[in-house]
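See below for the structure under consideration.
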Amino acid sequence: MNTRVSEWIENLFKTGLALFLLLVISATLVHAVPTGPSITYNKTETANLTPATQITTQGGSFTTLVLNATTQTPRWKAYAGNVTGKLILDDSTKKSIYDWTVTSVTGEVYATRNSSIDWSTIGCADTGAILAEQNSLNMSASNADSLNATFINKVHKSFYVGTALIQNSTCYAIATYVNDAAQSSSENAKFQEILLKDGSSRVVYATLINQNTTGFNGLKYDFQMIVPENEFSATPTTYYLYAELI
């Protein structure tokens, strides 16, 4: 075998080996997806009951009243707080080769009633998924605070869930309150919350992180969100939390 043929075979082998290694590496690549965070602080509270209002009228009189009442809803609950964390480069046994502390927190916090979500199929929650979620929680569509009566608009900024792009103003969304007041409907609103679902129609509530931003009560938060509750269940609904830092 002459030298030129030998060199050609050697180069062919090297090329084949390089392609094989590239395929192996490509097969083991994973994209970042939301992961379960640890909870280091948990304080739960509710509104105090408003005492009865007195009224005294004379016998033989007839009184016409206009009453204005505010009632704490049993069909929703809220989460608000702050996010810390880091970016890591780990192997399958959670051993780190390097990590980066995140000083400017951006990303999303997710809540879902399901312990497992197929993040590769995530997208906007459609009407069917929303109504199914509502029915599962024994929430009537006639309630003023039903799920489908709450998430009625499609106004939000674009964001990524892993590698899936959620285009702006394509999903049902709300923006929770700031300083005890509603925000104007805008893609620039703070604390936006968006309804998503995976390929099995499992609903995910996603809120965009706004680091150290004035929240509903004038205090600074990184996120705040509301999630529905089954008012007729003796046991509170469990939600699974995920976070994604970018």
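Each value in this text was obtained by applying a stated rule to the coordinates, not by laboratory testing. Just so it is clear, the model here is predicted, and its values are computed rather than measured. Neighbour counts are summed over all protein chains in view; Cβ atoms, including those assigned to glycine, are modelled from backbone coordinates with ideal geometry.
A few remarks follow.
- Cα-based equivalent ellipsoid, segment 76-245: semi-axes from gyration tensor eigenvalues, Å: 26, 20, 16
- Full extension of the chain between GLN72 and ASN217 yields a length gain of 50.6 nm, computed as 0.36 nm times the residue separation minus the alpha carbon distance.
- Residue-averaged 222 nm ellipticity for the chain, from DSSP H runs of 4+ at -39500 (n - 2.57), nearest 500: -5000 deg cm²/dmol
- Charge dipole (Cα centre; +1 on Lys/Arg Cβ, -1 on Asp/Glu Cβ; no other charges) of the chain amounts to roughly 120 debye.
- Longest site-free stretch - the chain; sites: GluC sites (Glu not before Pro), DSSP loop, at most 16 other Cβ within 10 Å: 46-186
- Theoretical gain in end-to-end length, SER185 to TRP100 [0.36 nm per residue, Cα-Cα removed]: 27.1 nm
- Reachable lysines, given that their alpha-carbon falls under 29 Å from the alpha-carbon of LYS154 and they are not under 8 places away in the same chain: LYS77, LYS190, LYS197, LYS220
- Taking trypsin sites (Lys or Arg not before Pro) across segment 59-114, the ones in a DSSP loop with at most 12 further Cβ atoms lying within 10 angstrom of their Cβ are LYS94, LYS95.
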